[in-house]
Amino acid sequence: MAHTKKSNSQLFFNGLLSENPIFRLALSMCPAVGISTSVMNGILLGVAVLFVQVFSSCTISAIKNYIHPRIRIPTYTLTIATWVTVIDLVLAAYVPAAYKEMGIFVKLIVAFAIITMRLEMFAAKNPLAPSFWDAVGMGLGFLFGMVTLGAIREILGSGTLLGFDLVGDKPLLFFVLPAAGFFTVGFMMAIYNYMDLVFKRMKEKKG
């Protein structure tokens, strides 16, 4: 079983930048489009995914030697579902108002491709420490993506930020619609790709 050769810092920034789940890998697009209408929604769902990703990755990494290859996917699903249940109950108890708006998406974390992919591609093949940092990076990358999308759509669609009125009007109501989610994600993907191209050119010049 080949272990990763990346350092913990590389694993951490990998999820934020070069393999951002939303803007680079285009995974878990359903919540990115459907729930990212405000910063608060983005923060709550992002934190929930971060929690589930970290604890699921650590759990699978810790028990990977005891998982039979034929039942690895059901094992991943049960592990994710366990931690989703935990965060679902916590959010329902402590932030009921916000949870009422996005409760269905919290439950759907079980089916988020980004979490299952990291369990299969990384946690099941690496020790606990690298799996933890990989999960933190991917979780924070998802959180960053959701908050960024939420900020853009909330400001342009509702004229507010974190509920505070900025412009006294709703400038572009289009941005609160699901279709605007695809537009905003595409715009941010273009920015990420451009930044990646610029960094590669800078490395080539230095080399």
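Taken together, the values in this text are just the output of simple stated rules run on the coordinates, not laboratory data. In this text the structure is predicted, and so the values were computed from the model without any measurement. Backbone-built Cβ (ideal geometry, glycine too); neighbour counts: all protein chains shown.
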Point to revise | Debye, to nearest 20: dipole size of the chain, +1 on Lys, Arg Cβ, -1 on Asp, Glu Cβ | key: 840
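Among 104-110, 7-13, 186-192, 149-155, how do they line up by average Cβ neighbours within 10 Å per residue, starting with the highest?
On the way: 104-110: 18.1, 7-13: 15.7, 186-192: 13.9, 149-155: 22.3.
Descending mean neighbour count gives 149-155, 104-110, 7-13, 186-192.
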Point to revise | Set of aspartates and glutamates near LYS100 by C-alpha distance (under 15 Å), chain-local residues within fewer than 8 positions excluded | key: ASP88
Revision key, fill the gap. Counting only residues 5 or more apart in sequence or on a different chain, those whose built amide H sits under 5 Å from that of LEU161 are LEU166
Practice item. Round to a whole angstrom and tell me the spacing of the C-alpha centers of the range 52-127 and the range 161-190. Key: 29
Review point. Along the range 79-90, what does the Karplus equation 6.51 cos²θ - 1.76 cosθ + 1.60 (θ = phi - 60°) give for ³J(HN,Hα), rounded to whole Hz, x for Gly and Pro?
Key: 5, 4, 4, 4, 6, 5, 4, 4, 5, 5, 5, 5
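Add +1 for every Lys or Arg and -1 for every Asp or Glu among the other residues with Cβ under 14 Å from the Cβ of ILE73, and state the total.
Details: positive: LYS64, ARG70, ARG72, ARG118; negative: GLU120.
Neighbourhood net charge equals +3.
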Revision key, fill the gap. Between ASN20 and residues 5 or more places away or on another chain, the pairs with built amide H atoms under 5 Å apart involve LEU25
Review point. If we sort 174-182, 76-84, 49-57 on the protection proxy, mean other Cβ atoms within 10 Å, highest first, what's the order?
Key: 49-57, 76-84, 174-182
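Counting Lys and Arg as +1 and Asp and Glu as -1, what is the net charge of the other residues whose Cβ lies under 10 Å from the Cβ of ALA124? Intermediate results must be reported in sequence, preceding the final value.
Numbers: positive: LYS64, ARG72, ARG118, LYS125; negative: GLU120.
Value of the local net charge: +3.
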Check your understanding: How big is the shadow of the Cα convex hull of the range 34-140, averaged over all directions, in nm²?
Key -> 6.4
Point to revise | Qualifying lysines (Cα of each under 18 Å from Cα of LYS64; at least 8 residues distant if same chain) | key: LYS125
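Can you classify the range 8-206 as rounded, prolate or oblate using the Cα gyration tensor, where a ≥ b ≥ c are the square roots of its eigenvalues, rounded means a/c under 1.5, and otherwise it's prolate if a/b beats b/c and oblate if not? Please list the in-between numbers first.
Working: a/c = 2.39, a/b = 1.28, b/c = 1.86.
Cα axes put the range 8-206 in the oblate bin.
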